[in-house]
Amino acid sequence: MKDRTSTRQMKNRTGKLTALGFLGAGLVAGSWVQSAQAGDILVADCLGHKVNRVDENGNFLSQFVPVNGGGLAFPHNMIWGPDRNNDGREDVYIMGLQSAAVHLYDGVTGEPINGGVFAAGFMNSAVDLDFGPDRNGDGVPDLYVLNNGGSNRVVWYDGITGAFQGVFINANNGGNYNSAEFMVFGPDVTKDGVPELYGTSAANGIVFRFNGATGQYIDQFVGHGAAGLIGGRDLIFHTDGKLYVANGAGNSIVRFNGQTGLDGEVFVAVGSGGLSNPHGFAFGPDDNGDGEADLYVASQANASVILYDGVTGDLIRVLVQPGSGGLLAAASVLFLDEPCPADFDDSGDVGVKDLLFLLGAWGPCPKKGDCLADFDDSGDIGVKDLLFLLGAWGPCP
C-alpha cells in the first residue's frame with residue numbers, strides 16, 4: 001500500500017480560474033487547474049531557462065524541461081491547461097519571457113508538444129498567462145497573456161488553436177498600468193457574469209482591476225502601499241475569501257479582503273525563512289498535518305522554495321534549498337498529480353483490490369484530508385469518490 005505521508009488536497013486547487021468558484025461565472029468549468037495532491041513539484045528557473053522537478057520533500061529529481069527545451073527562455077509562470085496531445089491528461093503551459101511565447105509540454109513527461117510553442121506573436125516581455133473568459137464564442141476558455149513592455153498590456157489567443165485574436169487591455173486604457181508582473185481573474189464586481197481581471201505592478205504597491213468582459217479599467221483594487229505592498233508579484237484569490245499578493249520588493253506575503261481590497265495585513269513576515277523577492281506562489285499539499293493547504297513560495301533572489309503554514313503564515317521549512325539542482329532564480333511553482341491516485345496497491349492498474357480498499361474506508365474521514373480515497377476532499381468517502389475510481393478503472397496511464 002502506498003505510503004502517502006503528505007495529506008491529499010482537493011483536485012481543484014486555489015489559483016487562477018477556480019478560486020472562489022469563478023468558473024461558475026461565465027467560464028467553462030473544466031479541470032484545467034493546478035492540482036494539490038501529494039506528489040512532485042515543478043519549479044521554474046527563470047535565469048537557468050529550465051524547469052526543475054522536485055519531490056514533496058524538495059529533493060531534486062530531474063529537469064522536467066531541460067535548458068531551452070522547446071525553445072524556452074526565461075520561464076516566468078506555469079499553469080495547467082487543456083490536453084493537446086490526446087493522452088487524456090492536462091498539459092503544462094509556460095510563459096517564456098525572453099522567448100516571447102507560451103510554451104507547451106506534456107503534463108507527464110515534460111516533452112515539448114508541437115515543437116514546444118502554443119501561442120506567439122504580439123508579446124513584449126510577456127510575464128504571465130491564464131485561461132479566462134471565452135471571447136470568441138466557441139465555448140472554450142481563451143488564453144490571455146500579460147505584457148510587461150509595449151502598449152499592448154494584455155493580449156488574447158484562441159483557447160483551442162493558440163491563434164492571436166487581439167488586444168484585450170491597452171496600456172493607455174486608464175489606470176496607468178505599467179511594470180506589469182502577474183494577473184488573475186477574480187470577483188465579478190460588475191455583476192455581468194464574467195470575472196474581472198486583477199493585475200499587479202512591480203513598480204508600485206497597486207493591484208489594478210479591469211472589466212473581465214471589455215478590458216476597460218475599473219479602479220485600483222488595492223491602493224499604493226497598503227499592508228506595506230511596494231512591488232506586487234503573483235496574486236491568488238484563496239478559498240478563505242482573501243486576496244494574497246507576493247510583495248516582491250518588500251520580501252513578504254500580504255493579504256486583503258477579496259471583495260473590497262481593504263483590511264490589508266502581512267501574512268508571511270518580511271524575510272521569514274530567508275524570503276527574498278517572492279514571485280510565484282501556490283497553496284498546495286498540507287505539510288504540517290493540520291488538514292489545511294499550505295503555502296509554497298518561489299523565493300527568486302535566493303533561488304529557493306519556502307513553505308509556510310497556509311492558515312497562520314508561520315514558517316514551516318525551506319523546502320527547496322538555495323541553488324538545489326542548479327536552480328538560479330525560482331520564478332514559480334506548479335504541482336504535479338500522482339499519475340494514478342486510485343491505484344492504492346501500486347499494482348499499475350485500478351482494479352478490484354483498490355475498489356475494496358475504498359469501500360472499506362467508506363464514510364467520514366477521521367480528519368479532513370486524511371483519507372486517501374477522499375478524491376473530492378469532502379471530508380468523507382462517498383459516491384463521488386467511488387465514481388472517480390470507476391472512471392479510472394484499468395491500467396494506469
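The table below lists the values:
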quantity	calculated
Lys, Arg +1 and Asp, Glu -1 on Cβ, resulting dipole of the chain about Cα centre, debye, nearest 20	980
Calculated [θ] (222 nm, deg cm²/dmol) that DSSP helices of n ≥ 4 give over the chain, each run adding -39,500 (n - 2.57)	-1500 deg cm²/dmol
Within the range 264-397: Cβ-based charge dipole about Cα centre, in debye rounded to nearest 20 (Lys, Arg +1; Asp, Glu -1)	380
Rounded, prolate or oblate (a/c below 1.5 giving rounded, otherwise prolate when a/b exceeds b/c) for the range 204-251 by Cα gyration tensor	oblate
The chain - Rg (one decimal) and Dmax (whole number), Cα, Å	19.9, 61
Carbon + sulfur, % of accessible area of the range 267-341 - ligands and nucleic acids excluded, 1.4 Å	54
Å² per residue, accessible surface of the chain at 1.4 Å	35
Lysine pairs in the chain with Cα atoms under 17 Å, if 8 or more residues apart or on separate chains	5
For the range 160-202: rounded, prolate or oblate by the Cα gyration tensor [a/c cutoff 1.5]	oblate
FRET efficiency, 1/(1 + (r/R0)^6) with R0 35 Å, evaluated for Phe60 and Thr260 via beta carbons	0.25
Dipole of the chain, positive direction: furthest Cα of Met78, Met95, Gly325, with charges on the beta-carbon	Met95
Contour excess over end-to-end distance, with Cα ends at Val311 and Ala163 and 0.36 nm allotted per residue	49.2 nm
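The values are calculated or read from the model by the stated rules, or taken from the named source; none is laboratory data. What you are looking at is a predicted structure, and each value in this text was computed from that prediction instead of being measured. Every residue, glycine among them, receives a Cβ derived from its backbone with ideal geometry; neighbour counts consider all protein chains shown. Areas reflect the complete protein model, heavy atoms only, side chains present, ligands, DNA and RNA absent. Shrake-Rupley method; radii C 1.70, N 1.55, O 1.52, S 1.80 Å.
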